[in-house]
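All remarks here apply to the structure that follows.
The values are calculated or read from the model by the stated rules, or taken from the named source; none is laboratory data. All values derive from a computational prediction rather than experimental measurement. Positions of Cβ are backbone-derived with ideal geometry, glycine not excepted, and every protein chain shown enters the neighbour counts. Heads up: the accessible areas ignore ligands, DNA and RNA and are worked out on the full protein's heavy atoms, side chains in. Shrake-Rupley method; radii C 1.70, N 1.55, O 1.52, S 1.80 Å.
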Amino acid sequence: ISVGLINYSLFPGTTMGEVVRQIRNACKWIVANCGSYGIAPRELHLGGWSAGAHLASMAAATLDTHNAAPEIDSVLAISGVFDLRPLLRTSANADLKLDEAEALRNSPVDLIPRRGQRIALLWGGGETEAFREQSRIFSANWRGKGADLRAEEIAKLHHYAIMDSLAREGTRGLKAALALLGCEYQG
């Protein structure tokens with residue numbers, strides 16, 4: 001597996017729309033240029049946690065009829081924020097500077113997933129109700145729009161501990177990640 005780590009502009013000093021554009025363009029660049037690095041352009045899998053889960057989901061969404069999603073085979077979205085509208089009422093919005101239109105445009109919960117990509121959505125049962133609700137609503141909405149989406153709440157794990165589930169042998173998080181890559185857990 002070849003790994004690429006995508007960087008993007010940080011807040012304050014940018015907009016959510018610009019960060020999403022950077023992520024989507026980075027995915028397209030990887031697909032177009034991987035051959036020049038000796039990597040066969042076969043599959044692109046995205047993974048993200050928290051804000052990264054939001055951005056991976058935005059990369060996987062079709063924004064409109066003229067702005068198709070990059071060719072992404074699968075997305076592993078862990079404990080994400082998929083609807084930005086609740087952030088309008090938080091102190092975080094002092095840096096994000098979201099208005100209603102920008103929040104709606106950059107909320108994958110209401111967008112359309114690209115057909116054919118697989119999505120694994122994980123969140124911890126010990127997370128705040130707001131994080132759990134974001135994942136449940138996102139899962140229901142994208143399934144309703146035809147996404148091949150598997151969702152799972154992992155009992156007792158909080159927002160930070162859920163990342164450990166990718167690094168520990170035999171966990172449901174590791175098994176979900178391997179399944180997206182077409183691998184079966186051999187532990």
Query raised in the report: Mind checking which pairs have a first residue in region 79-97 that is of a type in the set (Lys, Arg) and a second that is outside any helix (DSSP H, G or I), Cβ under 9 Å, 6 or more apart or different chains?
Result: 85/98; 85/107; 97/11; 97/12; 97/15
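Residues checked against (1) open to solvent by less than 60 Å² (accessible area, probe 1.4 Å); (2) not in a loop (DSSP other than H, G, I, E, B):
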{"site": "5", "(1), (2)": "no, no"}
{"site": "8", "(1), (2)": "no, no"}
{"site": "14", "(1), (2)": "yes, no"}
{"site": "19", "(1), (2)": "yes, yes"}
{"site": "40", "(1), (2)": "no, no"}
{"site": "46", "(1), (2)": "yes, yes"}
{"site": "70", "(1), (2)": "yes, no"}
Report summary line: Taking region 48-65 and the residues there that are modelled with pLDDT under 90 and open to solvent by 60 Å² or more (accessible area, probe 1.4 Å), the one that is farthest from residue 165 (Cα to Cα) would be 65
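Residue by residue, here is whether (1) farther than 18 Å from residue 88 by Cα; (2) assigned to a helix (DSSP H, G or I) holds:
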{"residue": "109", "(1), (2)": "no, yes"}
{"residue": "116", "(1), (2)": "yes, no"}
{"residue": "137", "(1), (2)": "yes, yes"}
{"residue": "141", "(1), (2)": "yes, yes"}
Requested in this report: Working only within region 21-33, note down all residues that are open to solvent by 50 Å² or more (accessible area, probe 1.4 Å) and of a type in the set (D, E, K, R).
Outcome: 21, 28
Report task. Go through 177, 151 for me and flag whichever is in contact (Cβ under 8 Å) with a residue 60 or more places away in the chain and either open to solvent by 60 Å² or more (accessible area, probe 1.4 Å) or among the small types (Gly, Ala, Ser) (or both). Result -> 177
Report summary line: Taking first residues from region 21-35 that are within 17 Å of residue 57 (Cα to Cα) and in contact (Cβ under 8 Å) with a residue 24 or more places away in the chain and second residues anywhere that are of a type in the set (Asp, Glu) and open to solvent by 50 Å² or more (accessible area, probe 1.4 Å), the pairs with Cβ under 9 Å that are 6 or more apart or on different chains are 27/71; 28/71
Query raised in the report: Which residues, counting only those in region 157-171, are crowded, with 17+ Cβ neighbours inside 10 Å and over 16 Å from residue 48 (Cα atoms)?
Result: 157, 171
Report summary line: If we ask which residues in region 72-116 are open to solvent by 10 Å² or more (accessible area, probe 1.4 Å), closer than 15 Å to residue 148 by Cβ and either at pLDDT below 95 or more than 16 Å from the chain's Cα centre (by Cα) (or both), their number turns out to be 5
Query - Which listed residue, of 57, 91, is of a type in the set (Ser, Thr, Tyr) and assigned to a helix (DSSP H, G or I) - result: 57
